[in-house]
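S.K.: One structure coming up, written as structure tokens, with questions to follow.
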Protein chains: 2
Amino acid sequence: MPRIAYLGPQGTFTEQATRALTADFAAELIAHDTVHSALDAVRLGDVEAAGVPMENSVEGAVAATLDGLVGGAPLVAVAELVLPIRFDVLLRPEVDPLHATSVASHPHALAQVRGWLSERLPRALDVPTASTATAAAEVANGTADAAVVAPVATRYHPELTRLASEVADVDDAVTRFLLVRRPGLLPDPTGADRTSIAVVAHDEVGALGEVLSELSLRGINLSRIESRPTKDRLGAYRFFLDFDGHVADTRIGDALTGLHRRCFEVRFLGSFPKADSKPVNVRAADSEQAFRRSMSWLDEVRAGRIA
Amino acid sequence: MPRIAYLGPQGTFTEQATRALTADFAAELIAHDTVHSALDAVRLGDVEAAGVPMENSVEGAVAATLDGLVGGAPLVAVAELVLPIRFDVLLRPEVDPLHATSVASHPHALAQVRGWLSERLPRALDVPTASTATAAAEVANGTADAAVVAPVATRYHPELTRLASEVADVDDAVTRFLLVRRPGLLPDPTGADRTSIAVVAHDEVGALGEVLSELSLRGINLSRIESRPTKDRLGAYRFFLDFDGHVADTRIGDALTGLHRRCFEVRFLGSFPKADSKPVNVRAADSEQAFRRSMSWLDEVRAGRIA
């Protein structure tokens with residue numbers, strides 16, 4: 001059975017996401033304390049892959065994942081999952097919600113259910129914890145009356161009362177997770193794929209503009225750009241780019257070779273089916289057929305047969 | 001002996017340029033009345049090639065040549081020549097220059113030696129002619145006392161006195177000529193080449209900008225851009241682009257396939273050694289080696305061997 005690492009502890013949204021990302025096969029999930037540790041377990045071959053959080057629609061990018069992906073031997077993402085962030089609320093069975101005096105969770109989680117808590121657990125004071133999973137444990141051991149947790153946490157605490165499910169003040173908060181592996185056979189193109197790369201441009205006027213033009217000129221839709229310091233020196237940045245398309249697509253390959261020529265560093269971070277499965281829109285000028293025709297035309301021109 | 005057409009009549013700068021452009025081989029030169037007629041003689045196979053004027057540093061583009069190159073079956077330029085425009089002045093042998101009463105030439109030629117004429121032929125009035133060659137004929141038949149002509153004209157009128165050579169008020173007036181052929185084996189790359197194309201962009205916002213970006217992104221130096229109406233409808237233009245490099249160069253081919261995909265029409269008008277022989281400057285990111293390395297890298301990434 002393949003071993004899959006994930007950012008622990010047990011019972012968090014990352015475990016839940018990693019279970020969903022590996023739902024197609026039987027896997028042994030292994031919690032790691034940090035993203036760094038989970039990714040290194042992949043690099044060392046201790047596990048086949050790792051489930052890590054990439055970005056949250058409220059909190060933004062997960063810096064530890066961005067830095068971890070490029071801080072060592074190559075890794076590629078082979079799948080993504082977008083998980084709606086809706087919480088379960090667990091309660092000590094003997095406590096009446098209206099009289100609960102404390103509610104534990106990760107501060108981000110507490111912030112995302114503030115409205116709900118003020119109505120349903122009106123007397124409970126916040127008990128901030130390192131993770132939603134820790135909060136569940138605090139209720140189980142009697143330190144807190146209630147906990148705001150990921151739905152997966154309930155499997156570890158069947159003794160606690162589930163007061164509510166699908167709790168979220170804002171309906172559309174989501175987190176995007178990746179399943180990351182060592183380089184190997186890539187997922188097949190589906191027509192609804194995303195490609196992730198990280199580039200370090202040369203320190204020249206207009207360098208980032210040229211990077212983006214390599215994409216836009218080929219009609220490639222950039223869905224995300226994040227910058228992180230390279231840590232070499234102040235003012236040097238690595239850009240994480242996500243765009244529509246698969247590295248097997250000619251227009252994507254063409255853009256990537258352009259970036260490879262002009263950038264100080266290009267790291268391929270994977271091509272995988274988009275979580276939303278929405279087919280990628282390709283302009284006529286950037287279709288496989290247009291590329292084939294333009295190459296045939298150039299061959300004929302170079303051979304002196306047409307002009 | 002190959003037959004070569006040129007824009008006549010005999011004895012003009014175009015004959016002189018065409019002689020220089022065909023100096024490597026014995027050729028029979030055949031004057032044509034118009035650029036159109038000379039180019040059609042090539043298209044029909046009546047001649048091997050044609051010598052035509054492309055642009056003048058004072059007068060600008062030669063519209064008849066631009067329109068003629070794209071108005072029919074494909075033609076490609078295989079050589080260019082930049083000719084300094086300096087005139088000979090021919091005189092009837094029996095006339096004293098100070099008493100010459102008329103000086104014949106093409107109006108552009110008369111304008112380019114105005115200062116010289118006022119000093120050396122102070123009493124001569126202008127006699128405008130259709131070409132500098134016609135002016136020489138008018139002196140030969142006694143209609144005018146003097147003529148401002150292309151140096152080559154003197155070979156047709158040995159009976160006339162050559163009053164002066166290398167006459168030009170402005171020293172650096174030049175005309176660029178092309179030797180044009182049907183498509184066939186292209187001149188070999190020399191490292192100091194020019195490529196000419198004509199493109200019709202789609203009628204979309206930013207279309208010309210994208211065309212120019214295909215060149216600039218690959219570090220391709222655009223040396224000239226001219227627009228001519230396509231004659232289909234008002235506001236539709238064809239752009240004539242000259243840039244440094246040979247179609248056999250990978251960066252040039254890469255840019256051309258990009259243009260072919262995005263443009264309504266691309267015509268290749270030739271790759272040939274630049275008249276100035278100045279080596280083309282190629283950025284490291286656009287070198288043959290950089291292209292090769294980027295393609296190898298992409299192949300490895302697609303095969304899942306590196307990331």
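Just so it is clear, none of the values below were taken in a lab; they were calculated from the coordinates. Everything quoted here is computed from the prediction, not taken from an experiment. All Cβ positions, even for glycine, are placed from backbone atoms using ideal geometry, and neighbour counts span all protein chains on display.
S.K.: Would you compute, for the Cα atoms of chain A, the largest minus smallest coordinate along each principal axis and list the three values in descending order, in whole Å?
M.R.: That gives 88, 44, 37 Å along the principal axes, largest extent first.
S.K.: For segment B:87-167, state what percent of all Cα-Cα pairs lands in each successive 5 Å bin, counting from 0 Å until the bin that includes the largest distance.
M.R.: Going from the shortest bin to the longest, the percentages are 3, 19, 34, 29, 13, 1.
S.K.: Here's a follow-up. Under a Cβ-only charge scheme (Lys and Arg +1, Asp and Glu -1), can you give me the dipole magnitude of segment A:87-167 about the Cα centre, in debye to the nearest 20?
M.R.: Rounded to the nearest 20 debye, it is 100 debye.
S.K.: Which trypsin sites (Lys or Arg not before Pro) from segment B:257-296 combine a DSSP loop assignment with at most 15 other Cβ atoms within 10 Å?
M.R.: Here the sparse-neighbourhood loop sites are B:283.
S.K.: Positive end of the charge dipole of the protein assembly as shown (Lys, Arg +1 and Asp, Glu -1 on Cβ, about the Cα centre): tell me which of B:137, B:260, A:60 has its Cα farthest that way.
M.R.: Most positive-ward Cα: B:260.
S.K.: Something else about it: How many percent of the alpha carbon pairs in segment B:186-307 exceed a separation of 20 Å?
M.R.: The calculated P(r) of segment B:186-307 puts 48 percent of pairs beyond 20 Å.
S.K.: Related question: Exposed loop sites here are GluC sites (Glu not before Pro) in DSSP loop states with at most 15 other C-beta atoms within 10 Å. What is the longest stretch of chain B lacking them?
M.R.: Formally, the longest exposed-site-free interval is B:205-307.
S.K.: Determine the dipole magnitude for segment A:203-285: charges of +1 sit on the beta-carbon of Lys and Arg, -1 on that of Asp and Glu, nothing else is charged, the reference point is the Cα centre, and the result goes in debye to the nearest 20.
M.R.: About 120 debye.
S.K.: Can you check what the Kirkwood hydrodynamic radius comes to for the protein assembly as shown, Cα pairs only, in Å to one decimal?
M.R.: Evaluated on the protein assembly as shown, it is 29.8 Å.
S.K.: If you draw the axis that swings chain A onto chain B, which residue of A has its Cβ closest to it, and how far is that in whole Å?
M.R.: Taking the axis that maps A onto B, the answer comes out as A:213, 3.
S.K.: So what is the relative contact order for chain B, in percent, with contacts set as C-alpha pairs under 8 Å and at least six apart?
M.R.: That works out to 20 percent.
S.K.: Considering only the protein assembly as shown, what is the antiparallel percent among its DSSP beta bridges, to the nearest 5?
M.R.: 75 percent
S.K.: Could you give, in nm with one decimal, how far residue A:231 is from each other copy of that position, shortest first, with labels 7 Å out from Cα toward Cβ?
M.R.: Relative to the other copies, residue A:231 has label-point distances of 6.6 nm.
S.K.: Starting from a label point 7 Å past Cα on the Cβ side, list the distances from residue A:94 to the same position in the other copies, nm, shortest first.
M.R.: 14.1
S.K.: Which is farthest toward the positive dipole end of chain A among A:107, A:26, A:187, measuring Cα position about the Cα centre, with Cβ charges +1 (Lys, Arg) and -1 (Asp, Glu)?
M.R.: Positive-end residue among those listed: A:187.
S.K.: Segment A:10-97: which chymotrypsin sites (Phe, Trp or Tyr not before Pro) are DSSP loop and have at most 12 other beta-carbon atoms within 10 angstrom?
M.R.: Loop-located and lightly packed - A:25.
S.K.: Let me ask something additional. If I fit a long axis through the Cα atoms of helix A:288-302 and take the longest principal axis of the Cα atoms of chain A, what angle between them do I get, 0 to 90°, rounded to 10?
M.R.: Tilt of helix A:288-302: around 20 degrees.
S.K.: Further question on the same structure: In nm², what is the average projected area of the convex hull enclosing the Cα atoms of segment A:116-258?
M.R.: Quarter of the Cα hull surface area: 14.0 nm².
S.K.: Assume the label is 7 Å from Cα along Cα to beta carbon: what separations in nm does residue A:208 have to the matching positions in the other copies?
M.R.: In ascending order, 3.0 nm.
S.K.: Pairing the Cα long axis of helix B:250-262 with the longest principal axis of chain B, what angle in degrees results, from 0 to 90 and rounded to the nearest 10?
M.R.: It works out to around 90 degrees.
S.K.: Can you tell me the 0 to 90 degree angle between the C-alpha axis of helix B:207-216 and the longest principal axis of chain B, rounded to 10?
M.R.: Between the helix axis and the principal axis of chain B, the angle is about 80 degrees.
S.K.: Please identify every one of the trypsin sites (Lys or Arg not before Pro) in segment B:184-246 that sits in a loop by DSSP and has no more than 11 other beta carbons within 10 Å of its own beta carbon.
M.R.: Answer in residue order: B:231, B:233.
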